[in-house]
Amino acid sequence: MSSPRGLFVGGNWKMNGTLDSSKKLIDHLIASKLDESTEIVVAPPFIHLLQVKDYLQASSHPNIKVSAQNAYHKSSGAFTGEVSVDQLVDAQVPWVIIGHSERRTLFGEADHNVAEKTKAALEAGLSVILCIGETLEQREKDETVSVVTRQLNAVEQEVKDWSKIVVAYEPVWAIGTGKVATSQQAQEVHSEIRKWAASKLGQSVANKLRIIYGGSVAAKNCKELSTQADIDGFLVGGASLKPEFVDIVNARL
Ligand code: PEP
């Protein structure tokens, strides 16, 4: 039985591509037949973000929105190299990814940083793709649920309204490795996340909360993952730069 919530598919382009290749990715998307019930969000690098947004707007494809890959919680000031949540709002970027494991592991973002960024983003009016997930070592020590719960609790201390949050469960060991979680492994954790949401935020919020899976999602594994009761979509890295992203958008067709 697949999830009763609509499919949400995000493409995280990370630090890849050129102005030209970004346009080509959009050209391919808008020329393809896309499941109209899938909500699609693409996250280009900052330097390509506005061009992609304008290009999508000119193509009048209302189903595809843009996201930043990160944002800083202060609205302005002496923070060289950062882009603020308010600047994203000003530029009419509706979504932001926060807490991606690459931000956590390579750039030292701790749970409290992720929480304050999520809070600031929501207060500014953005929607947030909030990433959580355990490392291989933590999974092997059977700490998966306690790690994701800790990561969620940190945000819950700062944020009470979760209606504009999509939770992306991304086991670190599955990101960019080609090692996808089995649909059973992913479903188990998604179900625990929904139980957490029911206990902390209430059953009706939990029922509506979109919990998406990320970690080596590809055309060949997305269909089975998408049949799981608590998997409401995907955050896609590598495959979002390839034509097969369309197959992932259409996973439920
Ligand atoms: C990601 O970076 O969010 C991701 C899931 O990457 P990949 O699909 O390449 O594993």
(message) Please count how many residues of the stretch 215-249 are assigned to a loop (DSSP other than H, G, I, E, B) and within 13 Å of the ligand (Cβ to nearest atom).
(response) 7
(message) Of the conditions (1) farther than 17 Å from G11 by Cβ; (2) at pLDDT below 95; (3) under 19 Å from the mean Cα position of the chain (by Cα), N63 satisfies every one except a single condition; which number is it?
(response) (1)
(request) Could you look through the stretch 175-186, keep only residues that are under 17 Å from V9 (Cα atoms) and not in a loop (DSSP other than H, G, I, E, B), and pick out the one that is farthest from the ligand (Cβ to nearest atom)? (result) S183
(request) Would you mind stating whether I40 is assigned to a helix (DSSP H, G or I), at pLDDT 95 or above and among the aliphatic types (A, V, I, L, M)? (result) no
(request) Within the stretch 136-166, work out how many residues are part of a helix (DSSP H, G or I) and over 17 Å from the mean Cα position of the chain (by Cα). (result) 16
(message) Take the conditions surrounded by 22 or more Cβ atoms within 10 Å (Cβ to Cβ) and more than 30 Å from R150 (Cβ to Cβ) and apply them to L49. Does it pass?
(response) yes
(message) Being in contact with a Lys or Arg (Cβ under 6 Å, 6 or more places away or on another chain) and among the hydroxyl-bearing types (S, T, Y) is the filter here; which residues of the stretch 225-253 pass it?
(response) S226
(request) Any chance you could count how many residues in the stretch 5-33 are more than 16 Å from the ligand (Cβ to nearest atom) and either among the polar types (S, T, N, Q) or more than 19 Å from the chain's Cα centre (by Cα) (or both)? (result) 13
(message) Being under 16 Å from S2 (Cβ atoms) and touching an Asp or Glu at 6+ places or on another chain (Cβ under 7 Å) is the filter here; which residues of the stretch 206-221 pass it?
(response) R210, I211, I212
(request) For residues that are more than 15 Å from the chain's Cα centre (by Cα), within 28 Å of T177 (Cα to Cα) and of a type in the set (G, A, S), scanning just the stretch 95-127, find the one that is surrounded by the fewest Cβ atoms within 10 Å (Cβ to Cβ). (result) G108
(request) Sort through Q92, Q87, Q69, Q57 and tell me the only one that's away from the ligand (no atom under 16 Å from the Cβ), surrounded by 14 or more Cβ atoms within 10 Å (Cβ to Cβ) and not acidic (D, E). (result) Q87
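The values are calculated or read from the model by the stated rules, or taken from the named source; none is laboratory data. Please read all numbers here as calculations on a predicted model, not as lab measurements. Here the Cβ is made from the backbone with ideal geometry for all residues, glycine too, and neighbour counts use every protein chain on show.
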